[in-house]
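Encoded as structure tokens, the structure appears first; notes follow it.
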Ligand SMILES: Nc1nc2c(c(=O)[nH]1)N[C@H]1C(S)=C(S)[C@@H](COP(=O)(O)O)O[C@H]1N2
Ligand SMILES: [Mo]
């Protein structure tokens, strides 16, 4: 069953044939494992997914733009580097470790990690701190489900995430010019991480995630700036203290821990009042940026009593 209509993208446009096939296989495996929702006779390549009611009705940005204009410093600092260089990253087998202050720590193979959950189409606005935006049709699961399975202990107050370190396949980690310290790390307060909008994505446009978008597993937080959406996750750890985060480490006066989208608090180099809509022509249409990227009705309650100017 098709739950929303997006143009069907020929695989040849995005990736070599083999990668395309393995993408479909991953999503199919997830659907198979769920059992439910498969038409008799099983069109295995298209497992049924639920459409999240959080999804926006705005038209998604084209697959071409979503996959060719990225930040992913493990592969270089320019927007074209991820598409040019992330293709060589080996994403299978892939191990995800969930540990720290939990009663059920575990190390999973990716397939087992996502198997218990129904994949959802989650079409979210995406706002980068560099003042550009997209609308991205992710396929993912709520982060909260994964945290509940781990059974956090009472002392757990934050969640820390880390990206793979593999300089042999990530040229930015082996580079002459130090950009960030590796691994890329991110973090959330536990209540933010438990919010139903917080998503672990494994797919895009109904197919397995392209490498440049963070395959095989990445975080999506639509009310926060894009840099919180850590890619190629290998570790999720429940901790007591606020964990360090990559861009905050690099330039604390420019990038805060919270990084909630806020048109009233400018970044020192970019006004956050408006955003350039990617894919809207050469000069790019600008539109006003919304508080919490338009997700205020859902998330504002997480921050009542917090000074959003001081805790940016
Ligand atoms: N590991 C890792 N994750 C990362 C980054 C990075 O450099 N390394 N860049 C971030 C930034 S700044 C943005 S805007 C998004 C961009 O990718 P996307 O369009 O696929 O979300 O990825 C985020 N996740
Ligand atoms: Mo970003």
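Values in this text are rule-based calculations from the coordinates and carry no lab data. Keep in mind it's a predicted model, so treat the numbers as computed, not measured. Cβ coordinates were reconstructed from backbone atoms using ideal geometry, including for glycine residues, and neighbour counts include every protein chain displayed.
Counting 0.36 nm for each residue step from residue 157 to residue 250 and taking away their Cα separation leaves a gain of 31.1 nm. Applying 0.36 nm per residue to the separation of residue 92 and residue 273 and subtracting their alpha-carbon distance, the gain on full extension is 61.1 nm.
Measuring from centroid to centroid over Cα atoms, what is the spacing of the stretch 185-213 and the stretch 131-168 in Å? With the stretch 185-213 and the stretch 131-168 each reduced to a Cα centre, they are spaced 5 Å. Relative to the globular-protein estimate of 2.2 N^0.38 Å, the Cα radius of gyration of the stretch 11-303 stands at 0.96.
Each peptide in 258-265, 142-149 was scored by the mean count of other Cβ atoms within 10 Å over its residues; highest first, the order is 258-265, 142-149. Between the beta carbons of residue 283 and residue 106, assuming R0 = 51 Å, the FRET efficiency works out to 0.55 to the nearest 0.05. On the beta carbon distance between residue 179 and residue 148, with R0 = 41 Å, the FRET formula returns roughly 0.70. Compute the distance from the alpha-carbon center of the stretch 234-308 to that of the stretch 53-119, in whole Å. For the stretch 234-308 versus the stretch 53-119, the Cα centre distance is 19 Å. Residues 297, 266, ranked from the fewest to the most other C-beta atoms within 10 Å, line up as 297, 266.
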